[in-house]
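S.K.: My questions will all concern the structure given below.
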There are 2 protein chains.
Amino acid sequence: MGIVVQKFGGTSVATADLIRRAAGRAVRAKEAGNHVVVVVSAQGKTTDELIALAHEISERPDPRELDQLVSTGEQISIALTAMAIHAAGHGAISFTAGQVGLITDSVHTKARIQGVDAQRIHDEFAKGNIVIVAGFQGVDAQQNVTTLGRGGSDTTAVALAAVLRADVCEIYTDVDGVFTADPRIVPAARKMDEIACDEMLELASLGAGVMHSRAVEFGKKYDIPIHVRSSLTDAPGTMILEEVTRMEAITVRGAALTKDLAKVTIRSVPDQPGVAARIFHQIAAAGVAVDDIIQNVSREGTTDVSFTVAADDLPALVETAEGLAKKLGAQDVVTDDGVSKVSVVGVGMRTHTGVAEKMFKALADAGVNIQMISTSEIKISCIIDRASAEKALRVVHEAFDLGSEASA
Amino acid sequence: MGIVVQKFGGTSVATADLIRRAAGRAVRAKEAGNHVVVVVSAQGKTTDELIALAHEISERPDPRELDQLVSTGEQISIALTAMAIHAAGHGAISFTAGQVGLITDSVHTKARIQGVDAQRIHDEFAKGNIVIVAGFQGVDAQQNVTTLGRGGSDTTAVALAAVLRADVCEIYTDVDGVFTADPRIVPAARKMDEIACDEMLELASLGAGVMHSRAVEFGKKYDIPIHVRSSLTDAPGTMILEEVTRMEAITVRGAALTKDLAKVTIRSVPDQPGVAARIFHQIAAAGVAVDDIIQNVSREGTTDVSFTVAADDLPALVETAEGLAKKLGAQDVVTDDGVSKVSVVGVGMRTHTGVAEKMFKALADAGVNIQMISTSEIKISCIIDRASAEKALRVVHEAFDLGSEASA
């Protein structure tokens with residue numbers, strides 16, 4: 001028998017009717033001859049409401065207690081989903097992370113999965129049950145409830161698919177699949193039928209918003225085909241696949257925007273071995289995830305070290321950065337919380353030239369000033385002023401003709 | 001150091017302000033030099049709202065999934081309470097039943113506690129933390145979430161007090177203590193300063209509503225003084241104590257009403273050994289808890305077997321009762337879902353006479369017809385028509401002069 005993991009996000013289980021619809025999909029997969037695991041998120045705005053409750057009590061709630069609190073959102077969803085499958089005449093059982101042995105480290109609100117005990121799921125498969133698992137949550141070795149951070153339910157689904165060696169992990173969402181750019185910003189954006197894991201990884205980490213990068217990483221690492229599709233239709237969505245050769249024929253697959261970034265520059269840092277390590281060790285210790293890092297060649301024995309972070313994280317960081325600048329004998333710290341990042345992604349870049357020039361020219365023609373540039377093998381990113389962000393995405397999308405079928 | 005267990009019901013944690021108030025009480029007990037455990041119920045109407053969600057999906061939700069669902073209410077409360085204690089500058093940690101090893105049997109929605117692992121609580125005491133435990137819930141040996149049924153949070157609190165050998169278990173509620181009768185019905189009712197466990201047991205099971213009988217049983221079995229008191233004032237409430245000799249000087253301590261009962265009579269049952277056992281085995285198998293059973297001497301080889309159940313349970317029972325009547329060769333089944341039970345309770349009854357006569361006369365004088373009578377060593381109950389229920393309680397309360405201090 002095949003094994004299918006289906007994940008339904010918060011908007012796909014927001015009401016009793018939507019839960020019934022999700023349950024119906026699980027039942028159809030079961031009736032088609034598969035073992036089925038369903039991973040669900042908290043209903044609609046439940047997580048936000050729970051966080052608001054916490055903030056009524058405390059401005060800075062303890063992370064362990066916050067996880068204990070918000071994890072109830074998914075627990076509600078799993079019980080209701082199991083009931084809906086029962087009502088449709090099929091066997092189902094719901095599991096919290098603790099019950100299914102989904103073990104994480106103890107980093108509350110941003111925990112990482114260490115393992116899942118698949119035996120309890122296989123036992124329920126043997127009884128003919130559909131298994132419902134709470135997304136987004138885990139427990140550490142002491143049974144403290146943890147949460148996996150943004151996009152955590154995707155990670156739960158793909159991790160379960162990996163442990164169970166599932167045939168496919170279906171991510172049901174409120175969009176039709178992965179687009180060449182955010183269609184709310186770029187009307188010409190087009191749904192892709194398939195995309196390489198590596199491209200999706202860059203897009204996910206760039207904030208394309210459809211799936212969390214950690215989930216895509218899991219899928220790549222354990223070779224799990226991920227199908228991102230709409231919970232509202234039966235139309236196929238986008239398959240996230242291991243790379244296939246013909247993908248290389250396309251230079252740029254998609255464009256993405258990360259809107260709310262802040263830029264930090266520590267100016268005139270003495271250029272000595274180990275300086276970068278010291279800086280980013282301190283930043284990590286402050287609990288802030290760094291987006292891109294840019295350091296150019298040194299001039300007169302000093303260099304400017306720049307990096308970007310989520311705009312929200314800037315206040316928590318300024319003191320650390322200024323302390324660092326002082327200790328390192330740097331000149332000062334300059335910050336700007338009004339920047340965005342526009343990027344293009346494609347595995348074909350590895351074998352094609354001229355991509356960067358085309359992107360820079362498109363931005364220049366539109367009067368968008370490029371403040372910083374960083375590239376990887378399959379990605380080019382430009383930091384720009386936030387006021388130009390949406391225009392920048394549109395002109396780049398157009399420059400690479402991403403909206404036309406010919407580009408596919 | 002002393003150990004105090006404090007339990008706050010749903011009305012005592014319904015808002016952020018009330019949670020802060022409950023947290024303040026826990027902190028005061030800690031500052032007075034005690035180790036403190038706080039047991040909380042779900043906020044306000046949360047449990048009802050969760051049950052309503054289930055009923056949107058299914059008319060008869062699976063009991064396991066219902067427990068999985070409703071247990072989230074207490075989980076929300078414990079996290080918020082811990083945050084409130086943190087905000088007050090003290091250490092606190094919250095535990096679900098699973099985390100604190102509160103193990104029950106597997107009877108969902110009506111589970112019974114089998115044990116609590118006190119070690120994790122003692123570990124937190126050693127760190128100086130106040131320990132918050134979710135009331136009403138347990139886990140079975142397979143980590144399935146169970147709930148303890150009505151009044152379950154009281155049971156959780158007293159069970160923890162027993163395991164920890166606490167000095168006192170304080171039950172905070174929205175009334176001032178235990179009254180001689182329900183003050184909403186009997187304006188002359190008076191708060192008692194103390195009451196014997198046995199009396200409280202009869203009152204709890206009779207529906208006085210302040211505390212669940214299972215919790216009082218635990219308190220009696222493990223000799224835990226229980227202090228029922230208001231969460232709104234610092235005034236002392238009612239101590240539920242092991243019996244003291246002077247209590248016997250008072251014949252009747254309180255009067256109670258169980259309002260919504262149904263009466264079932266299986267008429268002309270052949271009077272053979274084992275018949276009663278068969279009847280009540282079947283009723284129990286139907287999942288219905290029987291209140292009182294009354295069987296009088298037989299006439300002409302047959303007898304009438306009557307019993308009372310919660311009025312809500314009657315529909316689930318009728319088929320079983322009629323099937324039984326047929327199998328046993330009884331005449332028929334007569335039911336009435338419009339009865340109530342008025343009772344008087346007092347350990348002094350054991351050594352006093354004339355209590356029953358006084359009660360029957362009071363009812364007769366008020367024109368209340370007694371349909372059935374049942375008594376225990378310390379209790380006399382009369383089944384009456386529901387229309388006369390409140391009047392009956394008032395006249396009985398007055399007949400025994402329960403409202404005057406002299407009766408105490």
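Values quoted throughout were computed directly from the atomic coordinates according to the rules given, and no laboratory measurement underlies them. As the structure is a prediction and not an experimental result, all values here were calculated from the model. Please note: Cβ atoms are built from the backbone with ideal geometry, for glycine as well, and neighbour counts cover all protein chains shown.
S.K.: Taking 22 Å as R0, compute the FRET efficiency from the Cβ-Cβ separation of A:ASP17 and A:HIS122 and round it to 0.05.
M.R.: Step by step, r from the Cβ atoms, then E = 0.10.
S.K.: Still on this structure: For B:ARG165 paired with B:ALA235, estimate the spin-label separation in nm (one decimal), with each label point 7 Å from Cα along the Cα-to-Cβ line.
M.R.: Spacing of the two 7 Å Cα→Cβ label points: 3.6 nm.
S.K.: With viscosity set to 0.890 mPa s and temperature to 25 °C, compute the Stokes-Einstein D of the stretch B:36-116, Rh being the Kirkwood radius across alpha carbon pairs; µm²/s, no decimals. Could the numbers behind the result be given before it?
M.R.: Values: Rh = 14.1 Å.
D = 174 µm²/s.
S.K.: Oh, and also: Per 0.36 nm of contour for each residue apart, how much would the distance between B:ASP385 and B:ASP174 grow if the chain were fully extended, relative to their Cα-Cα spacing?
M.R.: That works out to 73.0 nm of additional length.
S.K.: Using DSSP to define loop residues, name the GluC sites (Glu not before Pro) in the stretch B:313-402 whose beta-carbon has at most 16 other beta-carbon atoms within 10 Å.
M.R.: Counting only loop positions with at most 16 other Cβ atoms within 10 Å, the GluC sites (Glu not before Pro) in the stretch B:313-402 are B:GLU377.
S.K.: Within 10 Å of each residue's Cβ, count the other Cβ atoms and sort A:MET200, B:MET1, B:MET239 from fewest upward.
M.R.: In order of increasing Cβ crowding within 10 Å: B:MET1, B:MET239, A:MET200.
S.K.: So, one more: Let me check I've understood the local charge: for A:ALA276, count other residues with C-beta under 15 angstrom from its C-beta, Lys and Arg +1, Asp and Glu -1. What total comes out? Can you show the working numbers first?
M.R.: Numbers: positive: A:ARG267, A:ARG278, A:LYS327; negative: A:ASP271, A:ASP292, A:ASP304.
After counting each charged neighbour, the total is 0.
S.K.: Quick one: net charge around A:ALA316, please, counting Lys, Arg +1 and Asp, Glu -1 for every other residue with C-beta under 13 Å from its C-beta. The partial results should precede the final answer.
M.R.: On the way: positive: A:ARG60; negative: A:ASP312, A:ASP313, A:GLU319, A:GLU322, A:ASP337.
Every neighbour counted, the sum reads -4.
S.K.: Rounded to the nearest 0.05, what FRET efficiency do A:GLU31 and A:ASP260 have when you use their Cβ-Cβ distance and R0 = 45 Å?
M.R.: Values: r = 44 Å, r/R0 = 0.98.
That pair, A:GLU31 with A:ASP260, gives E of 0.55.
S.K.: Which one of A:GLY138, A:GLY177, B:LEU203 has its Cα pushed farthest toward the positive end of the charge dipole of the protein assembly as shown, where Lys and Arg give +1 and Asp and Glu give -1 at the Cβ?
M.R.: The residue sitting most towards the positive pole is A:GLY138.
S.K.: How much of the DSSP beta bridge set in chain B is antiparallel, as a percent to the nearest 5?
M.R.: Antiparallel bridges: around 60 percent, rounded to the nearest 5.
S.K.: Return the subset of B:LYS191/B:LYS263; A:LYS191/A:LYS220; A:LYS45/A:LYS341; A:LYS110/B:LYS30; B:LYS220/B:LYS263 for which the Cα-Cα distance in this structure is over 24 Å, preserving the input order.
M.R.: B:LYS191/B:LYS263; A:LYS45/A:LYS341; A:LYS110/B:LYS30; B:LYS220/B:LYS263
S.K.: Please arrange B:SER230, B:SER298 by how many other C-beta atoms lie within 10 Å of their C-beta, fewest to most.
M.R.: Least crowded to most crowded, the residues run B:SER298, B:SER230.
S.K.: Compute and list, largest first, the equivalent-ellipsoid semi-axes of the stretch A:2-174 from the alpha carbon gyration tensor, each √(5λ) rounded to a whole angstrom.
M.R.: Values: eigenvalues 135, 66, 30 Å².
Taking √(5λ) for each eigenvalue gives 26, 18, 12 Å, largest first.
S.K.: Which parts of the stretch B:366-408 would a label at B:ALA188 reach, counting a residue when its backbone N lies under 14 Å from a point 7 Å out along Cα-to-Cβ?
M.R.: Those under the cut-off are B:366, B:391-408.
S.K.: How much net charge surrounds B:ALA161 when only other residues with a Cβ under 11 Å from its Cβ are counted (Lys, Arg +1; Asp, Glu -1)? Walk me through the intermediate numbers first.
M.R.: On the way: positive: B:LYS7, B:ARG165; negative: B:ASP154, B:ASP167, B:GLU170, B:ASP223.
Here the count lands on -2.
S.K.: Another question, if that's okay. Consider the operator that turns chain B into chain A: which B residue has a Cβ nearest its axis, and what is that gap in Å?
M.R.: B:THR72, 2
S.K.: Also, I was wondering about something else. Please report the antiparallel percentage of the DSSP beta bridges confined to the protein assembly as shown, to the nearest 5. Provide the component values of the computation, followed by the final result.
M.R.: Details: 93 of 151 bridges.
Among the beta bridges of the protein assembly as shown, antiparallel pairing accounts for roughly 60 percent.
S.K.: Let me ask something additional. Sort shortest first the distances from B:LYS391 to its counterpart in every other copy, using label points 7 Å along the Cα-to-beta-carbon line, and give them in nm.
M.R.: Label point to label point, same position, other copies: 8.5 nm.
S.K.: How big is the Rg/Rh ratio for the protein assembly as shown, C-alpha atoms only, Rh by Kirkwood, two decimals?
M.R.: 1.09
S.K.: Follow-up question, since we're still on this one. Between the stretch A:63-109 and the stretch B:78-155, how far is it from one alpha carbon centroid to the other, in angstrom?
M.R.: Comparing the Cα centres of the stretch A:63-109 and the stretch B:78-155, I get a distance of 18 Å.
S.K.: Same structure again: Which residue, A:ALA364, A:ALA321, A:ALA277, tops the fluctuation ranking in a GNM of chain A built on C-alpha contacts under 10 Å?
M.R.: Among A:ALA364, A:ALA321, A:ALA277, the largest mean-square fluctuation in the Gaussian network model of chain A belongs to A:ALA277.
S.K.: Moving on to the next point. How far is A:SER106 from itself in the other copies, in nm, if each label sits 7 Å out from Cα along the Cα-Cβ line, shortest first?
M.R.: 3.3
S.K.: OK, next. Just want the ordering: B:GLU170, A:GLU31, from fewest to most Cβ atoms lying within 10 Å of their own Cβ.
M.R.: Final ranking by Cβ density, sparse to dense: A:GLU31, B:GLU170.
S.K.: Any idea what Rg and Dmax come out to for the stretch A:255-402 if you just take the C-alpha atoms, in Å?
M.R.: 16.3, 49
S.K.: Over 32 Å, how big is the tail of the calculated P(r) for chain B, in percent of all Cα pairs?
M.R.: Working: 34524 of 83028 pairs.
Pairs farther apart than 32 Å: 42 percent.
S.K.: Is there a quick way to get the dipole size of chain A? I mean about its Cα centre, with the Cβ of Lys and Arg at +1 and of Asp and Glu at -1; what is the value in debye to the nearest 20? Provide the component values of the computation, followed by the final result.
M.R.: Details: 39 positive and 53 negative charges, 90 e Å.
Dipole about the Cα centre, nearest 20: 440 debye.
S.K.: Right, next: What's the Kirkwood radius of the stretch B:315-408 in Å, using all Cα pairs?
M.R.: Hydrodynamic radius (Kirkwood, Cα pairs) of the stretch B:315-408 is 15.3 Å.
S.K.: With +1 on the Cβ of every Lys and Arg and -1 on the Cβ of every Asp and Glu, and nothing else charged, how large is the dipole of the protein assembly as shown about its Cα centre, in debye rounded to the nearest 20?
M.R.: 240
S.K.: Put a label point 7 Å from Cα along the Cβ direction on B:ALA286, then list its distances to the equivalent points in the other copies in nm, shortest first.
M.R.: Ordered by increasing distance: 7.0 nm.
S.K.: Please report the spacing between the Cα centers of the stretch B:216-289 and the stretch A:292-361 in Å, no decimals.
M.R.: Each part's Cα centre sits 72 Å from the other's.
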